Amino acid sequence: MGEEKKGARFSRRSFLKSIGGGALGTAVVSTGLIKTDDAAAYVSETVGVGRGKTAVALKVNGKTYRVQVEHRQTLAEVLRDELGLTGTKIGCDRGECGACTVIIDGRNMYSCSQLAVWMQGKDILTIEGLAKGDKLDPLQEAFIEHDGPQCGFCTSGQIMSGKAVLMKNPKPTEAQVRRGLSGNLCRCGNYNREVAAVLAAASKTS
Amino acid sequence: MKSFENIDVKSVKEAVNLLQKFQQQKKTAAVVGGGSEYLQLMKDHVVEPDYLINLKTIPGLDYIKEERGAFRIGALTKLADIEMHPTIHEKLLILSSAAGEAASPQIRNAGTIAGNLCQRPFCWYFRSANFTCLRKGGQVCYTVTGDSRFHAILGAGPSYIVHPSDTAPALVALGAQIKIAGPAGEKTIPLEKFFLLPSVDYKRENILTAGEIVTEIIVPAPKSGSKGFYHKVRERLAWDHAIVAVATVVESSAGVVSNAHVVMGGVAPIPWRAAKAEEFLRGKKLDEASARQAGEIALEGAKPLKDNSYKVKIAQDLIQRGLLASV
Amino acid sequence: MAESSKEFSIVGKKTPRIDAYERVTGQAQYTGDLQLPGMLYARVLRSSVPHAKIASIDTSKAEKLPGVKAIIHHGNAQVPWSSGGLTHRRYIFNNPVRYVGDPVAAVAATDRHIAEDALKLIEINYEKIPHVLDANEALKPDAPKITPNGNLSVGKGPFSAPIEESWGDVEQGFKEADKIFEDTFITKHVNNAQMERRVSIARWDAGKLTVYASTQGVSNARTDIAKDFGLPLSKVRVICKYMGGGFGNKNQAQDYDYMAAMLAKAADQPVKLEFTREDDFIGMHGRWSSEQHYKVGVKNDGTITAVMLDAVTNMGAYRKQSGNLSGTDFYNIPNFKKVVKPVHTNTVVAANYRAPAYPQSVFGFASFLDQIAFELGLNPLDMFLRNRAQKSKGKLAYTSNYLEQCIVEGAKRIGWREKWHKPGATAGPKKHGIGMALGGYPFRPGLGAATIRINSDGTAHVLVGVTDIGTGAKSTMAIIASEALGIPLNQIQLTNGDTDVTPYSVGESGSRTTAFTGPAVVAAAEDVRKQIFNLAASQLKTKAEEIELRNGEVFVKNDPAQKRALSQVVAQAGELIGRATTNPNFPKEMDGKCFSAHFAEVEVDTWTGHVQITRYVAAHDSGTILNRLTAESQIKGGVVQGIGMAFSEELIIDKVTATPINPNYRDAKVPTHLEAPEVEVIFIENYDPYGVFGGKVVGEPPITAAVATIANAIFNATGKRFKELPMTPDKIVRAVQV
């Protein structure tokens, strides 16, 4: 099956010209996959088994969601892309930065480092589950008051780790708060503020 | 990650059988505990198993039991639980400290003791998809010509990784044993014998073969009057591996050492027992001079690479610090 | 306009960010959170060799993978990237490739895992060319040529090479010196490492391109895209409402924005292109590394008579920014000569990262002055005080300069006189030390624009092009608007970051938002106030000059009982629009700068190489502080970034394979909570006549002095001078063993 040489059909100039005119489409593979027998071989050889999806019931913020997931999808991905809960961020996807921190069965963990299929039966709490209707969690209020977010990308994770600290220890010392949040990076360097916010939230709740 | 199938198993036997079956079928399979480290290896394409056998669904492997002073810790016990366990904290402070030094709070909440012992090296060449190094089946250990600042000064060659575990040196210093289930049944061996030098096998870090799974760690009852400490020198204070770590367990009376265990992390491909230093200390009065000498003896024969000679002095000083804290 | 902070309604207070609620609830939609119907996911394939011609690319296997919709590479997508290479032509895919990480292809597929799988199926034949990694080696005549013009990166204007600047007569200055000192300081490539990985979403609708970009500058990004794609500006829309940091490496449009657009065009579906964290470390840029050679002449009392700087900066494979070194800016230097050579090597590109030309050279120069003070037997505090900037370039006055007060107040706060001791004086393995350095950043107003709409109910919309990378720029603009309009903050809605809706903004970089867009907001407010006053004048039967608007109420100045609610006034007209484009004058014969003096106390454990910062004081002159809450956070944050650069961060490239080996947070050793000391912030407030409400800039100054401050404290503790960054445990342990 002769495959035309992609680059040869368009000169550089005509290629760029065609962008404005909307004629770009044929210069690269677009729609219309070439489905040959070879494709099936590629799938198993190079991209592995288990391409099908599995049904999983995820209990998130007290609500049960039924989704179909690939085994290689992480909890972070599924929360964000399938459940639309984008408050949990992915900063590194390597379990090194903490932006994806959620609370699973009472423990704060990196959701990028858990597979969605492992979450059957678990109780998952994300940033979206902290506020009760219009009433913010004291941690969220404290983060507003103490300027917890600069760019805000690590904020959900910092708050969830703060929540985990306070769930286990309602009156932590500053050292305990810092240690409890130590798995959450903040490149804006807003560490002083995040710790102050958690301590302030602790002092508000009796 | 390459696509794979996750299989939740309900028992150790089921896991062992599956591993055997896949091996016979020439399919790649691996067990996973907490998952943080193994998923990362998969994301970095260091390992690409077709089947992931999830051990988390096995009931009854997550426990800390005290029996006649000895501790039995289930393989799936979380590092955070070991760190925070009141009795471990009271009686095995060295282990509680070591568990608490691992990675970050989130990892300690997910990571298991068995996973911590079985983890692969964090050598930046090993973990990079851009390098097919010796340990991954390639021709060359890139550390030799590359940046070796975090690599081994003892027991290394032809691979120069350091074992990244914090709990391993502490457990070896405590004289722990490790229970392994496999196709031939169960066996218990000293943890010290679990790890492999690269001169023996440079593609594996421990003696587990296909079909074998760690099920339990056993720590013998600490001798009365013994004191154990884990000291870790690191670049960042959170989520960082040891540049050098020292686990010391010293039994002494009136300042005289009856028995000492000195095990180093961050300096060798395995938790490194400073056997000669331990021998030297037996029967000696523990003071600054003898502690210093023990440190020097421990590092005799160290073979630094291009960038890591600084580890020698740090290790010597850390051993001195650890020993003196025990008096 | 109010001249002192006592008269301000909201300027100068501690005001929570106007969008803090969205950020703490997870409702803020960052680019990566957006999902468009039919959206594809894309990934980039990068070169694994440092310098090579691409002999062939075979994408046939990748094309066959179910789910793959489009693949582009240099063979079928030759799009120039003008802002990506300012001295020689750079494309989104280059042939030859010039560094490990140079993009070679991009794939769009129905999900991101398939896109990643497809990358592995693309086969590339490289014909290797000799490469060079070291900047000094690259300058040698027989070095492999990375650009047609060689490796000294020659361009136009600010991108000339070498960068030269001089005033006075250095030879004469050296003759006048009692002593002359020379030394060399080395800094490394540090990645911006912002928390949000790069991502771009592109869609085409009837020939109009919309890019949801994670960018610091929607206006610049639009201009870049329009230019390089040959599209009219009206057919390009760039949107960024929230972004997770950039610190200088997300300004303008970048190659991945273009790739997303090309893939979207090819696949006829929207495309979201995502970077991995490794992509982010390698595929974008970080702070340029440097080798700085200083020759300094001083009198015996420490007064500087002359400074010569000879330096090389490593810009990587392409030139995106200046490569300059400006750390000498904060001192009185009567005779000065600087020659900086920006150089190309086959390594990761270097460009802007927070105060791009400063922390490296403040480390160099302030360390050197600290060293010279030691050689002369002087207290560093006296050395820095004596030589602090009082005139710019030997002759220009500053529009405002409170550097002396920064030094004096900061020194008093940390207890400098009581705590300072001779270097290395502490006995025992743990050594105490105290150090300081001077910093700051240029300040100058520029082109900005703003639109303000007053609704018929008295609430207001403020439309500005800013994106807010975390500095709080949105809040600052809203505060300025509130102050200038006389309307409470909670009645103001700020709309930002959409080139179809918001007018021009220079983009959040160079600490320019307040100085450039701020005046436009003030002018737009004045424009609409005039309209309000004209309406009110007829309603209240008086002259427009007699009317005032404060706190949302319109009243007659000398008879406040005569008043109307703003809504009552505006209802008559329906909606009022105020607008302004401004480019305020700045006197040619003056210079604008922010200044700072930082002080740190450290404890160095000479057995482990670990350094604990036990106290940190940062004193800043930034004119009037518009929002005390966010300004303090900026200072604290900049110091933490400086700590990372000082202690641990560098991009390490394996010399044999030319491949970066630590492109992730853990291996790059970005500082954690446990590295951050409590940073005490002192603002020496004043009123700069050329700043909005007297304010200068806050965003970039805080990082400039931090690295040198820490290095000088370590010297005081150990008696060992570190001339090469980062000051990692191995370097410290080795140094103290000698």
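The values are calculated or read from the model by the stated rules, or taken from the named source; none is laboratory data. Only a predicted model underlies this, so the values are computations on that prediction, with no experimental measurement involved. Glycine gets a Cβ as well: all are built from the backbone with ideal geometry, and neighbour counts include every protein chain shown.
Here the condition is being among the hydroxyl-bearing types (S, T, Y), surrounded by fewer than 24 Cβ atoms within 10 Å (Cβ to Cβ) and within 8 Å of another protein chain (Cβ to nearest Cβ); of A:S182, A:S156, it holds for A:S182 alone. Quick one: in the stretch C:122-144, of everything that is touching a strand residue (DSSP E or B) at 6+ places or on another chain (Cβ under 9 Å) and part of a loop (DSSP other than H, G, I, E, B), which residue is surrounded by the most Cβ atoms within 10 Å (Cβ to Cβ)? In this case the residue turns out to be C:V132. Surrounded by fewer than 20 Cβ atoms within 10 Å (Cβ to Cβ) and either outside any loop (DSSP other than H, G, I, E, B) or under 31 Å from the mean Cα position of the chain (by Cα) (or both): which single residue out of C:Y41, C:Y21 fits that description? Selected residue: C:Y21, the only one of C:Y41, C:Y21 that is surrounded by fewer than 20 Cβ atoms within 10 Å (Cβ to Cβ) and either outside any loop (DSSP other than H, G, I, E, B) or under 31 Å from the mean Cα position of the chain (by Cα) (or both).
Of the strands (runs of 3 or more DSSP E) lying entirely inside the stretch C:208-316, the ones with 2 or more residues being at pLDDT 95 or above and surrounded by 24 or more Cβ atoms within 10 Å (Cβ to Cβ) are found at C:208-213, C:271-274, C:289-298, C:304-316. Of the residues making up the stretch B:234-254, one or more are more than 16 Å from the chain's Cα centre (by Cα) and surrounded by fewer than 18 Cβ atoms within 10 Å (Cβ to Cβ). As a summary of the residue check, B:Q106 satisfies the conditions (1) surrounded by fewer than 24 Cβ atoms within 10 Å (Cβ to Cβ); (2) within 14 Å of chain A (Cβ to nearest Cβ) except for the one numbered (1). Just one of (1) crowded, with 24+ Cβ neighbours inside 10 Å; (2) within 30 Å of B:F131 (Cβ to Cβ) fails for C:A706. It is (2). Looking only at residues of the stretch C:358-401 that are outside any loop (DSSP other than H, G, I, E, B) and among the small types (G, A, S), we find that the one that is farthest from C:G435 (Cα to Cα) is C:A397. Cβ-Cβ contacts under 9 Å between residues 6 or more apart (or on different chains), taken from a first residue in the stretch B:310-327 that is more than 11 Å from every other protein chain (Cβ to nearest Cβ) and free of Cβ contacts under 8 Å to residues at least 40 places away in the same chain to a second residue that is acidic (D, E) and surrounded by fewer than 24 Cβ atoms within 10 Å (Cβ to Cβ), are listed as B:L324/B:D287; B:L324/B:E288. Screening the candidates A:K171, A:K135 for the property of being free of Cβ contacts under 8 Å to residues at least 40 places away in the same chain, more than 21 Å from the chain's Cα centre (by Cα) and either within 21 Å of A:N61 (Cβ to Cβ) or at the interface with another protein chain (Cβ under 7 Å from one of its Cβ atoms) (or both) yields one hit, A:K135.
Of the candidates A:T101, A:T54, the single residue that is more than 7 Å from every other protein chain (Cβ to nearest Cβ), among the hydroxyl-bearing types (S, T, Y) and farther than 26 Å from C:L629 by Cα is A:T54.
A single member of C:V522, C:V602, C:V569 is more than 33 Å from the chain's Cα centre (by Cα) and not basic (K, R), and it is C:V569.
Determine which member of the set C:E164, C:E116, C:E196 is outside any helix (DSSP H, G or I), in contact (Cβ under 8 Å) with a residue 24 or more places away in the chain and within 12 Å of another protein chain (Cβ to nearest Cβ). Can you show your working first?
On the way: C:E164 fails: within 12 Å of another protein chain (Cβ to nearest Cβ); C:E116 fails: outside any helix (DSSP H, G or I).
Of C:E164, C:E116, C:E196, the one residue that is outside any helix (DSSP H, G or I), in contact (Cβ under 8 Å) with a residue 24 or more places away in the chain and within 12 Å of another protein chain (Cβ to nearest Cβ) is C:E196.
When B:E212 is tested against (1) under 24 Å from B:E101 (Cβ atoms); (2) in contact with a strand residue (DSSP E or B) (Cβ under 7 Å, 6 or more places away or on another chain), just one condition goes unmet, and that condition is (1).
Among C:T581, C:T614, which is the only one that is closer than 30 Å to B:R321 by Cβ and either in contact with a His (Cβ under 7 Å, 6 or more places away or on another chain) or at pLDDT 95 or above (or both)?
Working: C:T581 fails: closer than 30 Å to B:R321 by Cβ.
The match here is C:T614.
Entry remark, the stretch C:424-442: residues being farther than 17 Å from C:I635 by Cα and buried (at least 24 other Cβ atoms within 10 Å of the Cβ) number 3 in total.
Among the residues of the stretch A:64-96, those identified as under 20 Å from A:L130 (Cα atoms), part of a loop (DSSP other than H, G, I, E, B) and not basic (K, R) are A:L83, A:G84, A:L85, A:T86, A:G87, A:T88, A:I90. Looking only at residues that are surrounded by fewer than 22 Cβ atoms within 10 Å (Cβ to Cβ) and either of a type in the set (S, T, N, Q) or under 20 Å from C:P270 (Cα atoms) (or both) in the stretch C:48-64, which one is farthest from the other protein chains (Cβ to nearest Cβ)? The residue in question is C:S56. Picking from residues in the stretch B:1-41 that are hydrophobic (A, V, I, L, M, F, W, C) and within 8 Å of chain A (Cβ to nearest Cβ), the one that is nearest to B:T215 (Cα to Cα) is B:L39.
Yes/no matrix, rows are residues, columns are (1) farther than 26 Å from C:Y353 by Cα; (2) surrounded by fewer than 24 Cβ atoms within 10 Å (Cβ to Cβ); (3) hydroxyl-bearing (S, T, Y):
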residue	(1), (2), (3)
C:V466	no, no, no
C:P488	yes, yes, no
C:T495	yes, yes, yes
C:F516	no, no, no
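When you go through C:E418, C:E404 one by one, which is the residue that is in a helix (DSSP H, G or I), modelled with pLDDT of 95 or more and surrounded by 14 or more Cβ atoms within 10 Å (Cβ to Cβ)? Going through C:E418, C:E404 in turn, just one is in a helix (DSSP H, G or I), modelled with pLDDT of 95 or more and surrounded by 14 or more Cβ atoms within 10 Å (Cβ to Cβ): C:E404. Of the candidates C:G316, C:G327, C:G297, the single residue that is closer than 17 Å to C:G248 by Cα and not hydroxyl-bearing (S, T, Y) is C:G316. Scanning the stretch C:624-682 for residues that are among the aliphatic types (A, V, I, L, M), in a loop (DSSP other than H, G, I, E, B), over 30 Å from C:N401 (Cβ atoms) and more than 8 Å from chain A (Cβ to nearest Cβ) yields C:L651, C:I652, C:V656, C:A658, C:I661. Confirm whether A:V195 is at the interface with chain C (Cβ under 9 Å from one of its Cβ atoms) and not hydroxyl-bearing (S, T, Y). Here the answer is yes, as A:V195 does meet what is asked.
On the given criteria, is C:K412 basic (K, R), closer than 22 Å to C:D621 by Cβ and surrounded by fewer than 23 Cβ atoms within 10 Å (Cβ to Cβ)? It is true that C:K412 is basic (K, R), closer than 22 Å to C:D621 by Cβ and surrounded by fewer than 23 Cβ atoms within 10 Å (Cβ to Cβ). Applying the criterion of being part of a strand (DSSP E or B) and out of contact with any helix residue (DSSP H, G or I) (no Cβ under 7 Å at 6 or more places or on another chain) to the residues of the stretch C:578-592, the residue that is surrounded by the fewest Cβ atoms within 10 Å (Cβ to Cβ) is C:M590. For residues that are more than 9 Å from the chain's Cα centre (by Cα) and aromatic (F, W, Y), scanning just the stretch C:245-260, find the one that is farthest from A:P149 (Cα to Cα). The selected residue is C:Y258.
Within the stretch B:238-256, can one find any residue that is within 30 Å of A:S182 (Cβ to Cβ) and free of Cβ contacts under 8 Å to residues at least 40 places away in the same chain? Scanning the stretch B:238-256, I find at least one residue that is within 30 Å of A:S182 (Cβ to Cβ) and free of Cβ contacts under 8 Å to residues at least 40 places away in the same chain, so the answer is yes.
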